[in-house]
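The next block holds one structure in the form of structure tokens; read it before the comments.
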Amino acid sequence: MKTYRKIPDWPEIRRRYSDFWMKNWPEDRLLMQVQNLAREVSPEPRWMKDVSFQEKKYRDPALFFQLIDYRQSRWHWHGDLFAYRIPSYAANSLPIYLGSRVCFGESIWQEPVLKSIEESDRICFRCDYPFWREHLEAVGYFVERCRGVELLGMTDFGGPVDWLAAFLGPEQLCLETVRQPEKVQAFAFRLGQIFVEMWEEVYARIAPYFDGTCNWLPMWAEGRLAVLQDDLSILFSPQTYQEVFVPVLRKIASQFEKVLFHFHNGALHQLDNLVSIPEITVLHFGIDPNTGPITHYLPQLRKVQKAGKGLFVSVLEPEDVLPLIATLDPRNLLLLVTTADDEASKKLLANAREWTQQRIKQMQD
């Protein structure tokens, strides 16, 4: 086990994550990450808002590190939310490294580069693509800055449907999936193989210096933990998703020891597809805006655990915590909660310890 200056209680935190993966009864409280905004934050450096730095602040490793540093300084983290950072430009970044059209602003987004699935052969992996070469340089810079200080997470590469949508655009992807599902699936399989190759290259640079694997969500595990997502699965019927994209997910996921799948409740119609995939180890259940409180989804959350999968629920309000602990199995449950301030965060963690013990007693009885 490695040690980190910014995570003095890492041995205890690590134990709770290990208990989660092994589905052990929690010794004290369930796995829980708590965050709150800092009351005082240093002024944002001018260059972060400077139009001339919109692209440079992402492509220069030192500036990118400072950018992440400032964004993290706005938050205080408690419980099992450990100090970490990821050297990742944006969500769903794999297309960035394969020649997608990249746009820079406050964040990074991508514009379609293919007019139809017939042009998909244009997309291939070349180690000399500028963004991929620069990303590996950033990974090296982050390794040197983070080793012995905090954890360094894997790149946020994204997932099959989201990759296809980045290259084709959501509308064209839907049309092509109806017209030529075999070609869409073949392209997704090819991107999946590229993803595995890229993931392994980044992992080989990070693994020697850090303990296990962590990711952007964040989650930690021993060994090789991959994160996948398909936010735009919301566009497809369960049958289409099952026939065209689930085989791709299974193929990718089979390459890893553990897989965490990032899921939004807006795509609730795909839940049965996802819980039926044996290669998915944990489901991250995120709540979309204007969709009601998490307590409306207790049957679906229980379904995830009943399928034998771990459950990571975010981002919660403090009042959501007790109903979830009282209803779900704390052995493979992770909650991420946002509170008002440091005092509220610490109080919530103390309460969670008591609620966890009550739930364990109830279940064992």
Residues located in region 291-339, provided they are touching a residue at least 12 places away in the same chain (Cβ under 8 Å), in a helix (DSSP H, G or I), charged (D, E, K, R) and farther than 17 Å from Met22 by Cα: Arg302, Lys303, Asp320
Residue pairs meeting the criteria (Cβ under 8 Å; at least 6 apart or on separate chains; first among the basic types (Lys, Arg), in region 270-288; second part of a loop (DSSP other than H, G, I, E, B) and modelled with pLDDT of 95 or more): none
Qualifying positions in region 349-361 - surrounded by fewer than 22 Cβ atoms within 10 Å (Cβ to Cβ), within 11 Å of Pro318 (Cα to Cα) and touching a residue at least 40 places away in the same chain (Cβ under 8 Å): Leu349
Criterion violated by Trp75 - all others in (1) at pLDDT below 95; (2) in contact with a strand residue (DSSP E or B) (Cβ under 8 Å, 6 or more places away or on another chain); (3) surrounded by fewer than 17 Cβ atoms within 10 Å (Cβ to Cβ) satisfied: (1)
Evaluation of Lys251 against (1) assigned to a helix (DSSP H, G or I); (2) surrounded by fewer than 16 Cβ atoms within 10 Å (Cβ to Cβ) (one fails), failing number: (2)
Answer from Glu137, Glu106 - the residue that is out of contact with any strand residue (DSSP E or B) (no Cβ under 8 Å at 6 or more places or on another chain), surrounded by fewer than 18 Cβ atoms within 10 Å (Cβ to Cβ) and at pLDDT below 95: Glu106
Those residues of region 287-302 which are within 21 Å of the chain's Cα centre (by Cα), at pLDDT 95 or above and farther than 17 Å from Pro330 by Cβ, in sequence order: Tyr297, Gln300
Members of region 179-195 found to be crowded, with 17+ Cβ neighbours inside 10 Å and hydrophobic (A, V, I, L, M, F, W, C), listed by number: Val184, Phe187, Ala188, Leu191, Ile194, Phe195
Tally of residues being buried (at least 19 other Cβ atoms within 10 Å of the Cβ) and in a helix (DSSP H, G or I) across region 140-169: 11
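The values are calculated or read from the model by the stated rules, or taken from the named source; none is laboratory data. Please read these numbers as outputs of a predicted model, since none were measured by experiment. Reconstructed Cβ throughout: ideal geometry from the backbone, glycine too, with neighbour counts over all protein chains shown.
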